[in-house]
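Derivation of every value follows stated rules applied to the coordinates shown; laboratory data play no part. These numbers come from a predicted model, not from an experiment. Cβ: placed from backbone, ideal geometry, glycine included. Neighbour counts: every protein chain shown.
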Amino acid sequence: MLIAIRLTKVADVVGISTRPALVSGQELGTRLVDPPRWQRTYVVPHRRFRHLDRVRTIHGRITTSDLDARTVTVEHADGSSSVEPYDVLVIATGTSNGFWRHDRVEGVAEVEALTRDAAARLAAAPTIAIVGGGATGVSVADNLARRGDAAVHLFHSGEQPLPGYHPRARSWIVRRLTADGVTLHPDHRAVTPEGFAGERMTTEPIEWSTGQAPFTADLVLWAVGGGRPHSGFLPAEVLDEHGFVRVDEHLQVPGYPGVFAIGDVAATDPNRSSARNWGWRTIVTNVRAFLGRGRMKAFSAPEYRWGSVLGVQDDGMVIVQPDGRRTRVPKRIAERFLVGAFVTRVLYRGLRPERD
């Protein structure tokens, strides 16, 4: 989205999306605890983006690609299909992870219904188990525990949650989760059934490959990571052994000038962190350079993950820095200036008012 709205002055832009809206996979904790508030920020119909007016948007999914002929085949939401030619291709198709990240073609109503149903099931469960100690699992566990109407257990395979974050950040999150009422279970690695990738919540006892006794909860939410890249439409030669798109320091696919990849689907660094760290600005600069406007620049990723882990809370938003230090932004400033001003006016370059 950020790339598309910044390239309309140098190219005819075609945006292909499985949904007719920006639907973020971020902040799952607030998504499941307070769906209306989450949707106001993280579900934004394309028609609200002023700078998408010059973008031809297609609601559908790419099924095949011919990188030599520079075309992709798109299956539209209405069942029809089309072949779309390109001079530059930017791949930002993401990964599947749990029930909240996938590449199914759907509408906004379906997104909202899935969120409401999941939130209602969690609200009705006296005991909840979260399997997975990454940012998503931690966010869900803490937000549910702070709500105070369920016993929340977080199981993670390492000694501390938040793998990929600075050790200081990992120590802090243990203290924060404990203070907020989450029961932590370190060194637990779950046994997942054959073919199951956490795409639904379960009620069966959880078994562990690390030797602990099975654990039973009223509801189990799986946030075990291991995202499955949405790259099946690409030739195997441009993918690594796990299916992620190979890129060079310019986020360009080796051997295919003018083909770029960014975000969770791109094999940029161990954390695949180009979705953050201003990777979109690197793509914008390098696409313009490919079209003869300026010089390409390299993408640089920090050693550790960073950003907001728990989302906006009553006591503000905590932003973890790459060096493990933390910055607390008061709630009013986070909502009014970070979300209301910076995101909508600077990143999105303006949104139309919301309407029913």
(request) For the chain, set up a Gaussian network in which alpha carbons nearer than 10 Å are linked by springs, and say which option among ALA77, ALA190, ALA124 fluctuates the most. (result) ALA124
(request) Evaluate the charge dipole of the chain about its Cα centre and quote only its size in Debye, nearest 20, assuming +1 on the Cβ of each Lys and Arg and -1 on the Cβ of each Asp and Glu. (result) 1880 debye
(request) Calculate how steeply helix 279-290 sits against the longest principal axis of the alpha-carbon atoms of the chain, using the helix alpha-carbon long axis, and give the answer as 0 to 90 degrees to the nearest 10. (result) 10 degrees
(request) Pairs of Cα atoms under 8 Å, at least six residues apart: use those to get the relative contact order of the chain, whole percent. (result) 18 percent
(request) Would you calculate the volume per residue, in Å³, of the smallest convex hull containing every Cα atom of the chain? (result) 143 Å³
(message) Starting from the 7 Å offset along Cα-to-Cβ, what nm value, one decimal, do you get for the label separation of VAL346 and THR64?
(response) 4.5 nm
(request) Please give the helix 167-179 orientation as an angle from the longest Cα principal axis of the chain, in degrees from 0 to 90, rounded to the nearest 10. (result) 50 degrees
(request) Quick one: dipole size for region 125-222, taken about the Cα centre, charges +1 on Lys/Arg Cβ and -1 on Asp/Glu Cβ, in debye to the nearest 20. (result) 480 debye
(request) Work through the residues other than ALA135 whose Cβ is under 10 Å from its Cβ and net out their charges, Lys, Arg +1 and Asp, Glu -1. (result) 0
(request) Determine the distance separating the Cα centre of region 83-146 from the Cα centre of region 11-68; give it in Å without decimals. (result) 14 Å
(message) I want the local charge near HIS250. Using Cβ-Cβ distances under 15 Å, sum +1 for each Lys or Arg and -1 for each Asp or Glu among the other residues.
(response) +3
(message) Which residue, PRO254, ALA197, THR57, has the largest displacement toward the positive end of the dipole of the chain when charges sit on each Cβ (Lys, Arg +1; Asp, Glu -1)?
(response) THR57
(request) Considering Cα pairs under 8 angstrom that are at least six residues apart, work out the relative contact order of region 125-222 and quote it in whole percent. (result) 31 percent
